[in-house]
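Sharing a structure, written as structure tokens. Questions coming.
Every number here is computed from the coordinates shown, using simple stated rules; none is lab data. This structure is a prediction, so every number in the text was calculated from the model and none was measured. Glycine gets a Cβ as well: all are built from the backbone with ideal geometry, and neighbour counts include every protein chain shown.
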């Protein structure tokens, strides 16, 4: 067994983290051009928590998010999902885990402009083989939750920035994920709209118990999270919990 | 993603860039249109051959010729029995002549019910009531050959009375008011023997033949009795060894013989030194020529399709490029690479389907129009000829083949899309 593995006693005494990184390293390239993006990061995220991963661009925060979201595999170390080794997941089971467990909110929306708002929102359901009628029902419910019900039939390109980000949140929510990854969710929005989007994300976290992982360099946004992890040059430099 | 969703999404995606899809579809359209027309040409002509010549009916007849001994290049050894061929083929073709000894040798082959030498006759003219002589070429009726008749009946093989079937073009010239009124009248046929003496023989007109592609275009058909009389007349002055020489003979075999039995009979005749062909074999020769021509035309259409398939590759590569983000997002959301591949390759197949279905559809309309127009003008003399005909099977085959080509063209871009790394695709500056 590897030395970082907690003993059974330890595991029983504390709740299992929903997501954990154990001494995760990630490097790109080889030899001279080798670049270590992460140099050994460990962290545990518990169900219902809101966590900010804070760092400048190039700090490794995006790489860490990709590893936690199982979009990439670490060079070394382990990722645990619900206490089991997530790196054992491959192919179909990996795809299905990602589809059902995670929701994504990106700074640059990634909506298909020509398609309707509803079609954009139900994309994760389409991928997870939900039937057409059920897709529509759940899609409209998610849009209603974000007060975009009346925009369902509009083309996504016709929405304003705030509406777009709300549509993206609806898309992240539609498959009832346990964890939402938000990568600079307010980066493309003005401060008023950004605040609204932040409110939505944190109320989802509080009211529906969805674990929220925010990747940002925005201190104000980070301050609203339960916990903040500061990353610099591929290492965790500071961990902060919300002052009670 | 469900297969039905892959299909509907792919179809939706292909309409996203309408201009690009339209241009690609046009390229495929041209290929599919050409392929459908050339195929239709083959189908039309072969159908005509089948209906005119294959209506021949009697499947119990073999046309037998003597096997050429020397097939090598260079000057052929002299053979006193060599003579001009009377079967269809290139002009000047000669065959080894058959003698009465050959005829009896054929008759001795097991399975041969009867053998009848084909008499080569060359009458000079035909003349009826109005006294004007018209040049006439005629041949003896091949047993079992059914002529396409405008009026009257087939020449009788059993009657001892001389009978003739004249082509429809002779009716008015000979002074008859209609096809029907010519039936039953007597015409005189002139023939010259080897001593340059003229003979005139009478024959009853029993039928008027349509012009057809199958052979007896402008020539009359004599029944066995008349053919024999004409042959005797033209052979006056010849020694019997010269007279009794035939280019081919007709062999009758058991009507109920299976194709295998017919092949065995042909094999036995081949061992005895004779080439034997059934009517179907002879039609097959025609069809082979038509098929070869159609194949060449088809290959041009396929070249057009190959060019169009590069259009598909291009279109889809651009789509993949444009949709990098979208592909990355779908993969991040758990869409498998196989499904991404399916999405793009089905888009290619759909573009192929659009092009080929529209191409085939318009080709059917245009082809039917052209053949209808030609049938009433240029080919009005060839009743029953539909120059461009379409069979559902060949249309379906064309559409499927084009879709197959489109799928192959789509594999490269689709593989590129499937290989995309979601992180790379979703990276932004």
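Arranged from highest to lowest average of other beta-carbon atoms within 10 Å per residue, in what order do the peptides B:184-197, B:269-282 appear?
Per-residue Cβ counts within 10 Å, averaged per peptide and sorted highest first, yield B:269-282, B:184-197.
Okay, moving on. What fraction of the DSSP beta bridges in the protein assembly as shown is antiparallel, stated in percent and rounded to the nearest 5?
In the protein assembly as shown, DSSP labels about 70 percent of beta bridges as antiparallel.
Mean separation of Cα pairs under 8 Å and 6+ residues apart, divided by the residue count of segment A:14-238: what relative contact order is that in percent?
Dividing the mean separation by the residue count of segment A:14-238 yields 30 percent.
Once the Cβ-Cβ distance between residue B:192 and residue B:108 is put in as r, and R0 is 51 Å, what FRET efficiency do you end up with, to the nearest 0.05?
0.90
Report the label-to-label distance for residue B:173 and residue A:157 in nanometres (one decimal), using points 7 Å from each Cα along the Cα→Cβ vector.
In this crude label model, residue B:173 to residue A:157 measures out at 7.4 nm.
Once you average over the residues of B:11-19, how many Cβ atoms of partner chains fall within 10 Å of each Cβ?
What the average comes to for B:11-19 is 1.
Could you list B:345, B:377 so that the one with the fewest beta carbons within 10 Å of its beta carbon is first and the one with the most is last?
Ordered by Cβ neighbours within 10 Å, fewest first: B:377, B:345.
Right, here's the next one. Using a 10 Å cut-off on Cβ atoms, rank the peptides B:364-376, A:41-53 from the highest mean neighbour count down.
Final packing ranking: A:41-53, B:364-376.
Taking neighbour Cβ counts within 10 Å as the exposure measure, how do B:125, B:246, B:78, B:48 sort from fewest upward?
B:78, B:125, B:48, B:246
Separate question: Who wins for biggest fluctuation among A:164, A:126, A:26 in a Gaussian network model of chain A, springs between alpha carbons below 10 Å?
It is A:126.
Using the alpha-carbon centroid of each, what span in Å lies between segment A:76-144 and segment B:131-171?
Measuring centre to centre over Cα atoms gives 83 Å.
Nearest 10 degrees is fine. How inclined is helix A:191-208 to the longest principal axis of chain A, computing both from alpha carbons?
The answer is roughly 70 degrees.
Moving on. For a test of the definition: using alpha carbon positions, the gyration tensor, and the 1.5 limit on a/c, classify the protein assembly as shown as rounded, prolate or oblate.
prolate
Moving to a separate point now. Mind running the shape call on segment B:173-304? Use the C-alpha gyration tensor, a ≥ b ≥ c as the square roots of the eigenvalues: rounded below 1.5 for a/c, prolate if a/b tops b/c, oblate otherwise.
Because a/c hits 1.5 or more and a/b fails to exceed b/c, segment B:173-304 counts as oblate.
What order do you get for A:226, A:119 when you list them from fewest to most C-beta neighbours inside 10 Å?
A:226, A:119
Can you compute the helix-only [θ] at 222 nm over the protein assembly as shown? Use -39500 (n - 2.57) per DSSP H run of at least 4 residues, normalise by all residues, nearest 500 deg cm²/dmol.
-14500 deg cm²/dmol
Where does helix B:3-14 land angle-wise versus the long Cα axis of chain B, in degrees 0 to 90, nearest 10?
Roughly 90 degrees between the two axes.
For peptide A:110-116, what's the mean number of Cβ atoms from other chains within 10 Å of each residue's Cβ?
For peptide A:110-116, the averaged partner shielding equals 4.
Considering chain B as a Gaussian network with a 10 Å cut-off on Cα pairs, which listed residue, B:141, B:418, B:182, attains the greatest mean-square fluctuation?
Judging by the Gaussian network model, the answer is B:418.
Taking only Cα atoms, what is the 0 to 90° angle, nearest 10, from helix B:337-376's long axis to the longest principal axis of chain B?
30 degrees
While we're on this one: Under the classification rounded if a/c is under 1.5, otherwise prolate if a/b is larger than b/c and oblate if not, where does chain B fall, given a ≥ b ≥ c as square roots of the Cα gyration tensor eigenvalues?
It is prolate, given that a/c is not under 1.5 and a/b is the larger ratio.
Further, regarding this structure: Quickly work out the residue B:396-to-residue B:181 label distance, labels modelled 7 Å from Cα along the C-beta direction, and quote it in nm with one decimal.
5.3 nm
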